[in-house]
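The values are calculated or read from the model by the stated rules, or taken from the named source; none is laboratory data. No experiment lies behind these values; they were computed from the predicted model shown. All Cβ positions, glycine included, derive from the backbone under ideal geometry; neighbour counts span all protein chains shown.
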Amino acid sequence: MRYKICIVIMFCVSVAYSQPPKYDEWDLDSLNYNQEDFTSDFDMPISSGWFPRILSDNILLWNVYFNSGDVWSDAFIVNHREFGKAVNNWEAYFDMSYEERSLREKYSKDINYDFPSSGFSEFGGSALFPFLSAVYLNANAAIFWQTDILADVYKTKNYRTNDNKIKNYKEANIIELYEYGLDYSLNIKVPIYGASMYMNQHIASFYYLSAGVGGKYLFNSKASQYLQIATEKDKLYFANGYDTLVVMENRTLQAVEYSKYNINLGVGVNIISNTINAGFEILYSFPATDVLKDVYWRQHIGKLSIYIGF
């Protein structure tokens with residue numbers, strides 16, 4: 001009996017010690033948050049949402065970038081001392097299809113589709129730094145190369161077919177302008193949506209709008225001019241056996257404007273930290289200067305920019 005009593009006492013003691021500790025219950029609705037001292041383990045300022053603030057002005061970021069795009073001109077040239085006189089006028093939006101632009105091999109019906117086309121490319125570097133905790137200033141310098149094309153298209157000539165009929169055909173007087181040089185600009189990037197934080201280093205990710213001014217200085221400018229048969233390529237050719245006849249090749253025009261200026265507008269995405277930054281931007285460049293000094297010829301440029309830096 002004595003042993004049974006000891007066993008019961010030991011069981012009761014073990015049950016009592018095995019019970020979980022009891023804590024005072026908190027009524028969360030009764031807490032006064034203004035009186036409680038809630039502190040973070042570390043200080044991490046954050047600005048997020050629309051138009052986030054830049055939380056650190058003490059950074060300077062360097063980028064390398066590559067742009068690729070196209071050139072489309074606003075031009076109207078009727079008569080020029082270096083091109084001659086147009087049948088209608090030289091312009092950028094000319095009526096020629098892909099097949100009509102193609103080139104025929106000499107004395108052959110075989111077609112070469114590797115014909116000249118407009119385009120723009122550049123490779124360079126830039127510096128990015130905050131200003132007034134609201135925007136980023138972006139200074140750029142790059143080497144660019146571009147091709148621009150104008151054409152005067154007309155149907156003023158006829159030929160006699162094998163069945164003795166007179167038939168009209170389309171011909172074009174084409175100007176191709178190749179240029180390369182220095183492209184420079186100063187733009188403002190305005191974050192419109194995203195987040196910015198500072199935790200021993202500046203970290204940000206945001207969409208932005210950009211605007212700025214820029215210019216180009218030409219190192220070289222070469223113009224070529226040729227006549228091209230656009231239709232009836234399988235029946236007609238010039239005396240040289242081709243459907244094209246070169247009038248001028250790789251000539252530097254006397255009226256070329258070596259310094260040109262433009263206004264830049266863009267939209268993009270940027271990811272920034274103290275150690276690396278990357279992004280891409282869609283840019284439009286509005287011309288403020290003519291290509292030639294004596295005629296109206298302005299080059300609009302649209303391009304996609306991809307950049308990465310440190």
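Some observations on this one:
- Residue count for the range 91-123, restricted to those that are surrounded by 14 or more Cβ atoms within 10 Å (Cβ to Cβ) and of a type in the set (Lys, Arg): 2
- Summed over the range 78-112, residues that are among the hydroxyl-bearing types (Ser, Thr, Tyr) and farther than 15 Å from Asp234 by Cα total 3.
- Of residues in the range 91-104 being among the hydrophobic types (A, V, I, L, M, F, W, C) and part of a loop (DSSP other than H, G, I, E, B), the one farthest from Ala230 (Cα to Cα): Ala92
- Residues of the range 281-301 satisfying the condition of being in a strand (DSSP E or B) and exposed (fewer than 14 other Cβ atoms within 10 Å of the Cβ): Phe286
- When Ala139 is tested against the conditions (1) free of Cβ contacts under 8 Å to residues at least 40 places away in the same chain; (2) closer than 21 Å to Gly215 by Cβ, the lone failure is (1).
- Each residue in the range 129-163 was checked for being modelled with pLDDT of 90 or more and either β-branched (Val, Ile, Thr) or not in a strand (DSSP E or B) (or both), and 4 pass.
- Positions within the range 207-234 being farther than 18 Å from Phe286 by Cβ and out of contact with any Lys or Arg (no Cβ under 9 Å at 6 or more places or on another chain), in sequence order: Tyr207, Phe219, Asn220, Ser221, Tyr226, Leu227
- Whichever residue in the range 164-192 is modelled with pLDDT under 90 and over 25 Å from Tyr93 (Cα atoms) and, among such residues, is farthest from the chain's Cα centre (by Cα): Asn164
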